[in-house]
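J.: Structure in structure tokens, see below.
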């Protein structure tokens, strides 16, 4: 079967394209950056260079496809011109959906994010829970707007399933600077992890392999119009690094107080204003760090058969994958 | 449970009301939440109970009609619930040229912002006095101070809230009920307001806060029996400026905040997107 995967050069999209191709499907891989073509070397993968903001290019890539995974999205903690994020995540999504509708695609899986559901209180959030804070981050807001557009197309009768991955880590062919891989990798390299004080705030860590399998399961079994959280283990940041430390055998976890984090954010803001240096995080984003982001994948587990790799095993594989080679 | 006391919050399903509900629940206060029918209030109540293990009652009432206020009162009386904090949060905003506005909307706006606050406060005042120290928090606005174009009715209702609260505070001073008025600037209450707030001029943007940041300030102020609660450094600064500046400068300031709003392209696109868009293939 012909299947379109947008964003096939991304962290999730790339492994997804490979898994589908390995399963014998003919994958149409839509990517923007020609340099990334080498990451899609596979007999069953056909590369289409194009941008989801260009309807004609989407139309070419979608031709003949029965299924679409719309994975492409702009994921950045900070962006100089936020309108780019909205153009890609909101307008890009409406372009893909419109062309999918025109092409008579059977089913589409849209990759959103747990960020739309937002931070949690004391208990893990599920798909139906109300958002507890406003939309401060452009990324979360743009994905929420994209979900609203998806809802409109669902109302028009399209078979669309929304999947919402949490934070994702684990071996993958693309090492994206934003994934937790980069943070784990830095910990292994430098031996130091800087985490917030207090370190009890919890996050939800999904293993890439699980999350990609979850996409495929959502296409197979997902009920159109439904949303499925594809998460992983809910664990505090302190324990997360503690586990890595135990497996890797070394490393130091340093808890940084809030005023330093805040000062650091303003320092980055200043560097950005003066020298156009891209910040790692902004003063506005700090409050998000002091919240739990924990999610329940129960719905995906019971309805799709989603599986979560045990944390020990997943983190072990990730460390083996990321650890600095001896000769380096 | 004769010793159980409740915090009553109107307009609790969204925006500031929801944030106030989370804030109070996190301080282990039991809640009575009120909002419009079909606003997912019961789900919100379940969610709060599950997360904070506090007692939560939910009532869906349209308070813009006085009968909604009386219904609410009778149901709470029937359940014999003791209230020690009343938060009159339900309100309707709106930015529109007066002659372009709809009188039916103005009626509803005045009904909710002015009448509902007045009637509910009157109905529950005895209940509150049973359990001193009791607190009333009315949600006003920075528009109580600034005379902003396109906010004639809204600003008028919020000026009423400001006067009403301060006057009532003096009356109830020795009766164990403290009255506070919260005067926030713009708040990112829901998705469309958040989007709109992204495209306002700089000074207005500085005044805008998120509900989850306003809520703790509001509850702290309420418990400290502050008369007027102004959340945010910028809002405090604007208010000081406004008090000391000459009239001509004030005019400039308020006109500036109402400057023509240019929506970014992506935003306009989002608003225009809806399903009604003709499908070329269909």
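J.: By how many degrees, 0 to 90 and rounded to 10, does the Cα axis of helix A:180-190 deviate from the longest principal axis of chain A?
T.: So the helix axis and the longest Cα principal axis differ by about 40 degrees.
J.: When only Cα pairs under 8 Å and 6 or more residues apart are kept, what is the percent relative contact order across chain A? Don't jump to the answer; show the numbers that get you there.
T.: Details: 639 pairs, mean separation 59.2, N = 328.
In percent, rounded to a whole number, it is 18.
J.: In percent, how large is the relative contact order of chain B, given Cα pairs closer than 8 Å and 6 or more residues apart? Display every interim value, and only then the final one.
T.: Values: 466 pairs, mean separation 46.4, N = 282.
Computed value for chain B: 16 percent relative contact order.
J.: Here's a follow-up. When you look at the Cβ of every residue in A:132-140, what mean number of other chain Cβ atoms sits within 10 Å? Spell out each step's value before the answer.
T.: Values: counts 9, 9, 18, 6, 5, 0, 1, 0, 0.
Mean shielding by partner chains, rounded to a whole number: 5.
J.: To continue, here is another question. For peptide A:97-106, compute the average count of partner chain beta-carbon atoms within 10 Å of each residue's beta-carbon.
T.: 2
J.: With a point put 7 Å past each Cα toward its Cβ, work out how far residue B:74 is from residue A:316 in nm, to one decimal.
T.: Reported label-point gap for residue B:74 and residue A:316 is 6.7 nm.
J.: Could you work out how far the C-alpha centroid of the range B:91-117 sits from that of the range A:1-48, in angstrom?
T.: That distance is 54 Å.
J.: Report the antiparallel proportion of the DSSP beta bridges in the range A:134-271 as a percent, rounded to a multiple of 5. Please report the intermediate quantities before stating the final value.
T.: Details: 4 of 16 bridges.
Here the share of antiparallel DSSP bridges comes out near 25 percent.
J.: Return the percentage of antiparallel bridges among DSSP beta bridges fully within chain A, rounded to the nearest 5 %.
T.: Working: 5 of 41 bridges.
Bridges in chain A that DSSP calls antiparallel: roughly 10 percent.
J.: Taking 0.36 nm per residue of sequence separation and subtracting the Cα-Cα distance, how much length would be gained by fully extending the chain between residue A:49 and residue A:242, in nm to one decimal?
T.: On the way: separation 193, 0.36 × 193 = 69.48 nm, distance 4.23 nm.
Taking residue A:49 through residue A:242 to full extension adds about 65.2 nm, to one decimal.
J.: Oh, and also: Using only C-alpha positions, report the orientation-averaged shadow area of the convex hull of the range A:1-72, nm², one decimal.
T.: Computed as one quarter of the Cα hull surface, the answer is 4.0 nm².
J.: Right, here's the next one. Specify the angular offset, from 0 to 90 degrees and rounded to the nearest 10, of the alpha carbon long axis of helix A:208-221 from the longest principal axis of the alpha carbons in chain A.
T.: 30 degrees
J.: So for the range B:55-121, Kirkwood radius off the Cα pairs, Stokes-Einstein at 10 °C and 1.306 mPa s: how many µm² s⁻¹? Could you put the intermediate results ahead of the total?
T.: Details: Rh = 13.3 Å.
Diffusion coefficient, whole number: 119 µm²/s.
J.: 222 nm [θ] for chain A, helices only, -39500 (n - 2.57) per DSSP H run of 4+, per residue, to 500? Mind dumping the intermediate values first?
T.: On the way: 13 runs with 136 residues, N = 328.
Value at 222 nm, helices only, nearest 500: -12500 deg cm²/dmol.
J.: Report, to the nearest 10°, how far helix B:152-172 tilts away from the longest principal axis of the Cα atoms in chain B, using its own Cα long axis and a range of 0 to 90°.
T.: The two axes meet at around 30 degrees.
J.: Then there's this: Restricting to the protein assembly as shown, compute how many DSSP beta bridges are antiparallel as a %, nearest 5. Working shown, then result.
T.: Details: 5 of 69 bridges.
Once the DSSP bridges in the protein assembly as shown are tallied, antiparallel ones form about 5 percent.
J.: For the range A:60-150, what mean projected area does the convex hull of the alpha carbons give, in nm²? Don't skip to the answer; put the middle values down first.
T.: On the way: hull surface 26.9 nm².
With the hull built on Cα positions only, its mean projection is 6.7 nm².
J.: Could I ask something else about it? Within the range B:1-34, name every residue whose backbone N is under 17 Å away from a label modeled 7 Å from Cα of residue B:67 along the Cβ vector.
T.: Label zone hits: none.
J.: While we're here: In peptide B:157-164, how many Cβ atoms from other protein chains are near each Cβ within 10 Å, on average? Intermediate results must be reported in sequence, preceding the final value.
T.: Working: counts 0, 0, 0, 0, 0, 0, 0, 0.
Mean shielding count: 0.
J.: What length, rounded to one decimal in nm, is gained on full extension from residue A:223 through to residue A:285, with 0.36 nm per residue of separation minus their alpha-carbon distance? Display every interim value, and only then the final one.
T.: Numbers: separation 62, 0.36 × 62 = 22.32 nm, distance 3.44 nm.
The residue A:223-residue A:285 span can extend by a further 18.9 nm.
J.: Same structure, new question: Give the relative contact order (percent, whole number) for the range B:15-103; include only Cα pairs under 8 Å separated by 6+ residues. Numbers along the way, then the final one.
T.: On the way: 72 pairs, mean separation 21.3, N = 89.
Relative contact order, the range B:15-103: 24 percent.
J.: Quick one: Cα centre-to-centre distance for the range B:33-77 and the range B:146-216, in angstrom?
T.: Between the Cα centre of the range B:33-77 and that of the range B:146-216, the gap is 22 Å.
J.: Also, quick follow-up: What distance in nm separates the two pseudo spin-label positions at residue B:53 and residue A:307, each 7 Å out from Cα along the beta-carbon direction?
T.: Here the answer is 3.6 nm between the modelled labels.
J.: Just need the Rg to Rh number for the protein assembly as shown, please, alpha carbons only, Kirkwood Rh.
T.: 1.00
J.: Moving on. Stick to Cα atoms and the Kirkwood definition of Rh, then tell me Rg/Rh for chain A.
T.: On the way: Rg = 19.6 Å, Rh = 20.4 Å.
Ratio value, two decimals: 0.96.
J.: What number, rounded to the nearest 500 deg cm²/dmol, is the helix-based mean residue ellipticity at 222 nm of chain B, given -39500 (n - 2.57) per DSSP H run of at least four residues and division by all its residues? Let's see the in-between values first.
T.: Details: 12 runs with 136 residues, N = 282.
Estimated from H runs of four or more residues: -14500 deg cm²/dmol.
J.: If you average the C-alpha positions of the range A:258-281 and of the range A:163-229 separately, how far apart do those two centres end up, in angstrom?
T.: 25 Å
J.: Now, a different point. To check my understanding: the extent here is largest minus smallest coordinate of the Cα atoms along each principal axis. What are those three numbers for chain B, in Å, largest first?
T.: For chain B, the Cα extents along the three principal axes come out at 60, 60, 34 Å.
J.: A further question follows. Using r as the Cβ-Cβ distance of residue A:35 and residue B:192, and R0 as 41 Å, what FRET efficiency do you calculate, to the nearest 0.05?
T.: Details: r = 40 Å, r/R0 = 0.97.
Result of the calculation: an efficiency of 0.55.
J.: Same structure again: Determine the principal axes of the Cα atoms in the range A:92-208, then give the extent along each, sorted from largest to smallest and rounded to whole angstroms.
T.: Extents along the principal axes: 52, 35, 21 Å.
Coordinate-derived values only; no laboratory data. This structure is a prediction, so every number in the text was calculated from the model and none was measured. Note that we place each Cβ from the backbone using ideal geometry, even for glycine, and neighbour counts take in every protein chain shown.
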